[in-house]
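The values are calculated or read from the model by the stated rules, or taken from the named source; none is laboratory data. What you are looking at is a predicted structure, and each value in this text was computed from that prediction instead of being measured. Please note: Cβ atoms are built from the backbone with ideal geometry, for glycine as well, and neighbour counts cover all protein chains shown. What goes into the accessible areas is simple: the full protein's heavy atoms, side chains included, and nothing from ligands, DNA or RNA. Shrake-Rupley method; radii C 1.70, N 1.55, O 1.52, S 1.80 Å.
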Amino acid sequence: MPYPPSSRIPSGPRRRSLLASAAGAALLVGCSAEPDDGGTGPSATARARARAARDSRGLLGHYDAVLAAHPGLAERLRPLRAQVAAHAAAFQEGSPATTTASATASATASASPSAVAVPAGEKDAVAGLAAAERALADRRAKELLGVPGELARLLASVAAAGAAHAYLLTEGAR
């Protein structure tokens with residue numbers, strides 16, 4: 001025989017409802033897109049985006065150095081260089097306009113052709129570019145795990161393009 005229902009009607013929310021609400025609120029607070037840095041500097045996402053833009057500009061400088069040293073490679077390298085330039089622009093688009101003059105100067109210096117030592121032989125120069133593309137693609141693949149959605153997708157796409165560039169540079173040399 002079932003027990004009769006209690007004549008006492010609970011007033012207010014039940015304990016399970018309160019626990020579920022508290023857990024949900026904690027998850028929402030913990031899942032914010034960017035960690036709170038106290039307003040003292042750029043967020044981790046902005047720093048990752050700026051680093052990716054700087055890395056792309058550095059790779060662009062490597063392409064420019066190789067093209068300056070070996071003009072005969074222009075037809076082969078210009079399409080890849082154009083894509084690297086587009087990657088740098090894509091990372092720069094989402095970056096805040098609060099870069100300092102010193103950061104801008106160092107980024108410009110890292111993209112200059114004179115910053116990269118280019119081997120005398122074309123084959124070695126292309127192998128150096130392939131190694132740079134591969135290393136950057138690997139680093140970006142690791143970094144995408146620590147950034148939020150949109151930037152992670154961009155990093156993944158650019159890492160895949162870098163891996164394809166490395167493959168094309170390596171296979172074209174054979």
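Electrostatic tally near Ala115: other residues with Cβ closer than 12 Å to its Cβ, Lys and Arg +1, Asp and Glu -1, net 0.
A Förster radius of 30 Å combined with the Cβ-Cβ distance from Ala68 to Ala141 puts the calculated FRET efficiency at roughly 0.50. In segment 114-164, the C-alpha radius of gyration followed by the widest Cα-Cα span (Dmax) gives 13.6, 42 angstrom.
For segment 157-165, putting each phi into the Karplus relation 6.51 cos²θ - 1.76 cosθ + 1.60 with θ = phi - 60° gives couplings of 5, 5, 5, 5, 5, x, 5, 5, 4 Hz, in residue order, rounded to whole numbers and with x for Gly and Pro. For Glu122, the accessible surface of its heavy atoms amounts to roughly 90 Å² (probe 1.4 Å, protein chains only, rounded to the nearest 10).
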